[in-house]
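One structure is given here, and the rest of the page talks about it.
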Amino acid sequence: MLTADETARQLRAMEIFKASDAFLEGHFVYTSGRHGTAYLEKFRILERAEYTEPLCRMIASVFQDSGAEIVAGPTTGGIILAYELGRILGLPGIFCEKATGGGREFRRGFRIEPSQKVLVVDDIVTTGGSLNETLAAVEKLGGEIVGVGVLADRSGGRVELPYPYFPCLEVSFDTWAPEDCPMCGAGDVPEAHRGAPA
């Protein structure tokens, strides 16, 4: 059961997703091949400061007393979020990239010192892949993760983290295998392929 504050936060976050056209409804094919009726397009938020900033301020309000010394996120959306959250909190914002052998790593001279307190951010969490790779990259350098903030969690509770975790928005979308999709069964043709796994 959500508290009044949590309900208000969810409603405000959904307002931002809808105002930015980041919350889409229709008939979509996800990267996994499954079909669904809704999709979150993070870049409609990340392309405009007036949408990105209030969501980052939600995350900042939760972690402002965490002792964070640096903000880190994965490419691509995490670059923008780490920078913006770092700006709000007065901290450096860095990002990690795909490593040649798999996983992620910090390059470009970005450093995390042993025991340095790190706040990790990401955009949309579905399977937790890029987020978990970023957490592993921070841990590998000896950073102390003080929390994780994301714009939206659409994992349906599948992603569990051993750190304080704050999603601005939590949603769960029904998905179907193509042969079981009721929209396809009704003759509806899905929209263009969407880049989010489901």
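The values are calculated or read from the model by the stated rules, or taken from the named source; none is laboratory data. Note that this is a predicted model, so its numbers are computed, not measured. Glycine gets a Cβ as well: all are built from the backbone with ideal geometry, and neighbour counts include every protein chain shown.
Here are the numbers for this structure:
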{"read-out": "Search result, residues across the range 113-161 that are modelled with pLDDT of 95 or more, surrounded by fewer than 19 Cβ atoms within 10 Å (Cβ to Cβ) and among the hydroxyl-bearing types (Ser, Thr, Tyr)", "value": "Ser115"}
{"read-out": "Test set (1) under 21 Å from Pro167 (Cβ atoms); (2) in a loop (DSSP other than H, G, I, E, B); (3) among the charged types (D, E, K, R) - Glu113 fails condition number", "value": "(1)"}
{"read-out": "Verdict on Arg108 being free of Cβ contacts under 8 Å to residues at least 24 places away in the same chain and either of a type in the set (Lys, Arg) or in contact with a Lys or Arg (Cβ under 6 Å, 6 or more places away or on another chain) (or both)", "value": "yes"}
{"read-out": "Checking Arg107 against (1) part of a loop (DSSP other than H, G, I, E, B); (2) closer than 21 Å to Ala13 by Cβ, the condition it does not meet", "value": "(2)"}
{"read-out": "Top-ranked residue of the range 170-198 - restricted to ones that are modelled with pLDDT under 85 and farther than 14 Å from Glu25 by Cβ, ranked as surrounded by the most Cβ atoms within 10 Å (Cβ to Cβ)", "value": "Ala198"}
{"read-out": "Pick from the range 164-183, criterion among the aromatic types (Phe, Trp, Tyr) and either part of a loop (DSSP other than H, G, I, E, B) or free of Cβ contacts under 8 Å to residues at least 60 places away in the same chain (or both), ranking: nearest to Asp5 (Cα to Cα)", "value": "Tyr165"}
{"read-out": "Residue that is touching a Phe, Trp or Tyr at 6+ places or on another chain (Cβ under 9 Å) and at positive phi, where the choices are Gly128, Gly187, Gly149, Gly156", "value": "Gly156"}
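One line per residue, one yes/no per condition, for (1) over 19 Å from Val150 (Cβ atoms); (2) in contact (Cβ under 8 Å) with a residue 40 or more places away in the chain:
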| residue | (1), (2) |
| --- | --- |
| Ala72 | no, yes |
| Gly78 | no, yes |
| Leu85 | no, yes |
| Gly90 | yes, no |
| Ile94 | no, no |
| Glu97 | no, no |
| Arg104 | no, no |
